[in-house]
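Take a look at the structure set out below.
The values are calculated or read from the model by the stated rules, or taken from the named source; none is laboratory data. Because the structure is a prediction, the values reported are computed rather than measured. As a convention, Cβ positions derive from the backbone with ideal geometry for all residues, glycine included, and neighbour counts pool all protein chains shown. Heads up: the accessible areas ignore ligands, DNA and RNA and are worked out on the full protein's heavy atoms, side chains in. Shrake-Rupley method; radii C 1.70, N 1.55, O 1.52, S 1.80 Å.
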Amino acid sequence: MVKNLVIVESPAKGKTIEKFLGSDYRVEASFGHIRDLPAKNMGIDIAGGFVPAYEISPEKKKRVTELKKLAKEADKIWIATDEDREGEAIGWHLCMALGLDPTSVDRIVFHEITKTAIEHAIETPRKIYLDLVNAQQSRRILDRIVGYEVSPVLWKKVRPGLSAGRVQSVAVKILVEREREIRAFVPEESWKIMAKIGGTTPMMIELIKVGGKVAKMKTEADIQGFFQSHGIDFSVANTQKDKKGNLIFTFPQNEQFVLNESEVKARTRTPGAPFTTSTLQQEASRKLGYGVKMTMDIAQRLYQNGHITYMRTDSVNLSDLAIGAARDFIEKEYGKEYSIPNGRKYKTKQASAQEAHEAIRPTEIAKSPDRIGLDSMEAKLYRLIWERTVASQMQEAQIETTTYHFSPVSAPSEDWIVKGEVIKFPGFMKLYIEGTDDEQDEESESKKLPVIKKWEQVKSENFAGNQKFSLPPPRYTEASLVKKLESEGIGRPSTYAPTIQTIQDRGYVVIEAKKLAPTDIAFVVVDYLEQEFSGFMQYSFTAEVESQFDQIADGKLEWTKMLGEFYSPFHASIEEALGAEGRFSGERILGIDPATGRTVLTRMSRFGPVIQIGAPSELAEDEKPRYANLSPGIYIEDVTLEQALWLFSFPKDIGSYEDLTLIVGQGRFGPYVKWGEAFISIPRTEDPQSVDHARAVELIEAKKVEDAPVGTYEGEWYTKGKGRFGPFLKWKSLYINVPARFDFDNLTESEASTLIAAKVDKEANRYIHNWPEEKISVENGRYGPFIKFGKENVYLKRGSKKITEMEEIKVLTIDEVKDMILEQIPDAFKEKKKPAKKAVVKKPAAKKAPAKKK
């Protein structure tokens, strides 16, 4: 017999709570949502007033039966799901599934899992807030309607398999707009004129003004004229290039400079506010290189294990208790001069911030990062949160900035300056300095200037001219996209990570150098949605919908009325789009093929972006157009006629080598030489048109050497190679990346063994389940567990619900995993024709070669 049954979403959270409650309490987990809209249809009665047809998820039926039994036996039931709208909705669904009255069952909430917080929650229960539930289910229903009605339009008018969403489509639009800005950007040239002065304590001073006007040097001719005015012979310049390829001209020049003015200014620097969900994701990206999903997964574990407060919040507020604990720690570790007697309060900037949570902070300030005992990734994120929290309660940094104004004795109208900075009192900077996204801030390092008196003269050693080009706006990172979404009022803390993951999963975005790059299909889909659903794609529309959800949560707006006002115009636009003739392929006419006189165009086909020679009206009845795939770096949006014709020059037969045909071609991953059935990449810096027979043989022989065994590990040979992602070792079927800190060309067998051993050890923790005979496994991945089916990565999900709890994943059977695969790949287990085996580069089997071309 159970006196008190406490129901939470997560087993990990449950285990932590159970430690703080006595033997009269039993804590059980629902493993997330137990009810949802059906997976196989929309599940919403629109005509009947947007009534959702919720059903218990198949994988949760057993769990619901167990919870029902426990609920009947318990004297009292407590709903202890998370305190946000999603948690409120889970609690309400539990009541519905277990036959409990949501207006009378006790609901407890807490923003941290500590003994004090749990005991206080038990002492002050409340009831389920139906307004919060309605806010969550109105979001769920509206987003289901959008997905179910817009996606089929895309399947019919653009390409099968595409998807759309209220937030995801606008997020893709943001990325597409930025990419168009980047591609349209025209760099502007400018030059900085510098001089090295100071002798034993040298300084680099920069020309700012001439005759009271800003010195604008836009071309090389401008700086030549300036240097000539100082009697410098431009022909004796020492010419170099910086890492970006910009020119640097340096000239020996002994010239007297005089200090005309010295400006000293005092300023203060205030610490950043404690973390919200958004700012934590941004700072974890900048400082730790974590993606937003990884950050949230780690933060959730920290919360569930009682180390930090709730991780989904808009608030920057700290409780008086937390402020006091931070003050005590600061005074003990750094001294009273670093603390603030009454603490520092921050105001939340987001007008739409949800329920009154605290900021993300450690549950116990006294548990410093060095004392907490966490694994590597959790420890790093905990340190970030701890340092940001403590720093927010430390004194401001006191900084003194000095600016010297010089002019040459021979040219008093010129104003040359140098700036220095001295930290007079470090304050919070003794513990923590906030990261930045500014890619153009190349010279932010502060420096102390030597003491020079007014009118004192110093001699120059040289003059220099540094070429600069203005930079385009940067692509968004995951973190900076979160910042943009937040600033536009699009989405909420709980939606940022899933949105970014979804647009990657749907193929609208790829990661390039840690930046989000929209794919060709993203441009086509955004253009089509803008054309047919312009209102739906406006930032203001999505932000207004979020505001309406907030009003529903506050009890100020009836949720079915809100959905009705949205649906009528939205559905009318769906009907209009479906009624329009033809397909939308993003087609663009590039010009005429000089060889055939036919039209050259680019468009989105069912299999991706293509170049096509021959419009339908120009082809005979059974004639097909000629096609070419776009190469990396060439996009459907801006490919030119010249580029298109160049792509049609491949594949190119250049003869044979060792009785095997040699062909130069272009593929999805760039140019290559095809030798028999083997493919050898052509370096991306090399024009594939210039690859002749001799160069192809060089590449083949180099590949043979590259693939030759270079050492052994545990009695098995390993080889070295360089691929798309850098240098690697291959041992058995494992590929092992070689970090930059190793000298790859002179890698020792000991170093190789260390790298291989580390990879083997990592692979040992890779599998949660492995059925090699079925070519199916459940693996730990960078973004969480997933199913590997052959070469395909498949979600761990049933219907629309992802499975994230490790306790649930560990008990999956092969049949359950196969069912998940079939949901996502319907023909996964149908018999397929065996593909032809590819030849290995090392020693291809001989076959008859055609006559060599002359």
Exercise for the section: Collect the residues in region 64-78 that are under 42 Å from the mean Cα position of the chain (by Cα), assigned to a helix (DSSP H, G or I) and either over 14 Å from His93 (Cβ atoms) or not aliphatic (A, V, I, L, M) (or both), keeping them in residue-number order. Expected result: Thr65, Glu66, Lys68
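Does region 54-77 contain at least one residue that is hydrophobic (A, V, I, L, M, F, W, C) and under 30 Å from His571 (Cβ atoms)? If you could, list the steps in order and put the result at the bottom.
Taking region 54-77 and keeping what is hydrophobic (A, V, I, L, M, F, W, C), we get 56, 64, 67, 70-71, 74, 77.
Retained after the next criterion (residues that are under 30 Å from His571 (Cβ atoms)): 56.
Yes - at least one qualifying residue is present in region 54-77.
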Completion exercise
In region 251-268, residues that are closer than 19 Å to Phe406 by Cα, open to solvent by 40 Å² or more (accessible area, probe 1.4 Å) and among the hydrophobic types (A, V, I, L, M, F, W, C) total 1
Problem - Sole exception among (1) open to solvent by 10 Å² or more (accessible area, probe 1.4 Å); (2) modelled with pLDDT under 90 for Gly491, by number - result: (1)
Exercise for the section: Identify, from the list Ile79, Ile113, the residue that is crowded, with 21+ Cβ neighbours inside 10 Å and modelled with pLDDT of 95 or more. Expected result: Ile79
Practice task
Filter region 793-818 down to residues that are touching a residue at least 60 places away in the same chain (Cβ under 8 Å) and part of a strand (DSSP E or B) and give me whichever is nearest to Gln501 (Cα to Cα).
Solution key: Lys801
Exercise for the section: Could you tell me whether any residue of region 315-338 is open to solvent by less than 10 Å² (accessible area, probe 1.4 Å) and polar (S, T, N, Q)? Expected result: no
Exercise for the section: Go through region 431-453 residue by residue and tally those that are modelled with pLDDT of 80 or more and either among the aliphatic types (A, V, I, L, M) or surrounded by 11 or more Cβ atoms within 10 Å (Cβ to Cβ) (or both). Expected result: 8
Handout entry: Some residue of region 742-756 being open to solvent by 70 Å² or more (accessible area, probe 1.4 Å), in contact (Cβ under 8 Å) with a residue 40 or more places away in the chain and farther than 22 Å from Gly676 by Cα
Key = no
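Which of the helices (runs of 4 or more DSSP H) found entirely inside region 488-591 contain at least 1 residues meeting this: in contact with a strand residue (DSSP E or B) (Cβ under 6 Å, 6 or more places away or on another chain) and more than 19 Å from Lys156 (Cβ to Cβ)?
In region 488-591, 496-505, 520-532 are the helices (runs of 4 or more DSSP H) which contain 1 or more residues that are in contact with a strand residue (DSSP E or B) (Cβ under 6 Å, 6 or more places away or on another chain) and more than 19 Å from Lys156 (Cβ to Cβ).
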Practice task
Determine if region 119-132 includes at least one residue that is open to solvent by less than 20 Å² (accessible area, probe 1.4 Å) and in contact with a Leu (Cβ under 7 Å, 6 or more places away or on another chain).
Solution key: no
Exercise for the section: Using the structure shown, decide if Ile141 is buried (at least 19 other Cβ atoms within 10 Å of the Cβ), farther than 15 Å from Glu532 by Cβ and in contact with a strand residue (DSSP E or B) (Cβ under 8 Å, 6 or more places away or on another chain). Expected result: yes
Exercise for the section: Identify all residues within region 568-587 that are crowded, with 17+ Cβ neighbours inside 10 Å and either at pLDDT 90 or above or not hydroxyl-bearing (Ser, Thr, Tyr) (or both); write none if there are none. Expected result: Phe570, Ser573, Ile574, Ala577, Phe584, Gly586
Practice task
Would you check if there is a residue in region 784-807 being over 22 Å from Arg506 (Cβ atoms) and either at pLDDT below 75 or open to solvent by 80 Å² or more (accessible area, probe 1.4 Å) (or both)?
Solution key: no
Problem - Pair list, Cβ under 6 Å, 6 or more apart: region 18-29 residue under 15 Å from Glu73 (Cβ atoms), other residue among the charged types (D, E, K, R) and outside any helix (DSSP H, G or I) - result: Asp24/Lys3
Practice task
Please name all residue pairs, on different chains or six or more residues apart, with Cβ atoms under 6 Å, provided the first residue is in region 409-424 and is under 20 Å from Lys447 (Cβ atoms) and modelled with pLDDT under 95 and the second residue is open to solvent by 20 Å² or more (accessible area, probe 1.4 Å) and not in a strand (DSSP E or B).
Solution key: Gly420/Lys447; Gly420/Lys448; Gly420/Leu449; Glu421/Ser446; Val422/Lys448
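Conditions (1) among the β-branched types (Val, Ile, Thr); (2) under 30 Å from Ile511 (Cα atoms); (3) touching a residue at least 12 places away in the same chain (Cβ under 8 Å), marked per residue:
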site: Leu280; (1), (2), (3): no, yes, yes
site: Leu288; (1), (2), (3): no, yes, yes
site: Val292; (1), (2), (3): yes, yes, yes
site: Arg301; (1), (2), (3): no, yes, yes
site: Met311; (1), (2), (3): no, yes, yes
site: Val316; (1), (2), (3): yes, no, yes
site: Ala326; (1), (2), (3): no, no, yes
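Results for (1) farther than 17 Å from Gly491 by Cβ; (2) at pLDDT 95 or above; (3) polar (S, T, N, Q), shown as yes or no for each residue.
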site: Gln136; (1), (2), (3): no, no, yes
site: Arg139; (1), (2), (3): no, no, no
site: Pro160; (1), (2), (3): yes, no, no
site: Val176; (1), (2), (3): yes, yes, no
Exercise for the section: Confirm whether Val176 is in contact with a helix residue (DSSP H, G or I) (Cβ under 8 Å, 6 or more places away or on another chain), crowded, with 21+ Cβ neighbours inside 10 Å, touching a residue at least 40 places away in the same chain (Cβ under 8 Å) and not charged (D, E, K, R). Expected result: yes
Problem - Residue count, region 214-250 (criterion: part of a strand (DSSP E or B) and surrounded by 10 or more Cβ atoms within 10 Å (Cβ to Cβ)) - result: 7
Exercise for the section: Hey, could you check region 313-356 for residues that are outside any helix (DSSP H, G or I) and among the aromatic types (Phe, Trp, Tyr) and say which is modelled with the highest pLDDT? Expected result: Tyr334
Completion exercise
Reported set for region 711-732 where residues are of a type in the set (A, V, I, L, M, F, W, C) and either touching a residue at least 24 places away in the same chain (Cβ under 8 Å) or not in a strand (DSSP E or B) (or both) is Phe725, Leu729, Trp731
Exercise for the section: Please determine, by comparing only the residues of region 1-40 that are in contact with a Gly (Cβ under 8 Å, 6 or more places away or on another chain) and over 23 Å from Leu302 (Cα atoms), which one is most open to solvent (accessible area, probe 1.4 Å). Expected result: Lys40
